[in-house]
Amino acid sequence: MNLVADANVLLSAVIGGRARLALNHPQVSEIFTTEHTFAEVEEYTMVLARRKRLPSDILLLAVAALPVTVVSRTRYAKRLPEAVKRIGRRDPDDVDLLALALQFEIPIWSNDKDFEGLHVDLFTTERLLRQLGIIH
């Protein structure tokens, strides 16, 4: 299974949340994200480090070690107009992620409600962990 990962699940994995259980699962072949989303993860990692009183250098190393393929916007640019129509009003920051999922025709992994009802496969972390047999 291939997935397009949103910042919220990647950040959860970085700080040791349940999302980390899916990252290296044998049924998960590859996880993709956008340059924009990865930059968001890097930015919010520092915020989380301060808020949770975790060592920022360790969290930044965890971000760098995420088993994620960061995809250039040029690879999904032709799907951007469709993504803008579907989610642009709800959350413009999610346009690129949706365009990537549409281009690769793979599900989005996110806990963000803005992706619901967009006619794209969507996994929350809980649903993904159930699908993988990690939780019941």
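Please treat every number below as a calculation from the coordinates, not as lab data. None of these values were measured; they are calculated from a predicted model. Every residue, glycine as well, gets a Cβ built from its backbone with ideal geometry; the counts of neighbours run over all protein chains shown.
Remarks
- The single condition among (1) part of a helix (DSSP H, G or I); (2) in contact with a strand residue (DSSP E or B) (Cβ under 9 Å, 6 or more places away or on another chain); (3) more than 14 Å from ALA7 (Cα to Cα) that THR37 does not meet is (3).
- The one condition from (1) out of contact with any His (no Cβ under 8 Å at 6 or more places or on another chain); (2) more than 16 Å from VAL4 (Cα to Cα); (3) assigned to a loop (DSSP other than H, G, I, E, B); (4) not polar (S, T, N, Q) that ILE134 does not meet is (1).
- Which listed residue, of ALA83, ALA99, ALA62, is over 27 Å from HIS25 (Cα atoms), touching a helix residue (DSSP H, G or I) at 6+ places or on another chain (Cβ under 7 Å), assigned to a helix (DSSP H, G or I) and among the small types (Gly, Ala, Ser): ALA83
- Unmet requirement for LEU21, which otherwise passes all of (1) touching a helix residue (DSSP H, G or I) at 6+ places or on another chain (Cβ under 8 Å); (2) free of Cβ contacts under 8 Å to residues at least 60 places away in the same chain: (2)
- Candidates LEU122, LEU102: the one that is touching a strand residue (DSSP E or B) at 6+ places or on another chain (Cβ under 7 Å), without any contact (Cβ under 8 Å) to a residue 60 or more places away in the chain and crowded, with 18+ Cβ neighbours inside 10 Å is LEU122.
- Residue within region 105-112 that is in contact (Cβ under 8 Å) with a residue 24 or more places away in the chain and either assigned to a helix (DSSP H, G or I) or over 22 Å from LEU3 (Cβ atoms) (or both) present: no
- Scope region 89-122; condition hydrophobic (A, V, I, L, M, F, W, C) and more than 10 Å from the chain's Cα centre (by Cα); matching residues: VAL95, LEU98, ALA99, LEU100, ALA101, LEU102, PHE104, ILE106, PHE115, LEU118, VAL120, LEU122
- Cβ-Cβ contacts under 6 Å between residues 6 or more apart (or on different chains), taken from a first residue in region 29-44 that is touching a residue at least 60 places away in the same chain (Cβ under 8 Å) to a second residue that is assigned to a loop (DSSP other than H, G, I, E, B) and of a type in the set (A, V, I, L, M, F, W, C), are listed as ILE31/VAL68; THR33/VAL68.
- Looking across region 14-34, just one residue is among the basic types (Lys, Arg) and over 15 Å from LEU3 (Cα atoms), and that is ARG18.
- Residue list for region 89-99, filter: over 22 Å from THR74 (Cα atoms) and either among the acidic types (Asp, Glu) or surrounded by 15 or more Cβ atoms within 10 Å (Cβ to Cβ) (or both): ARG90
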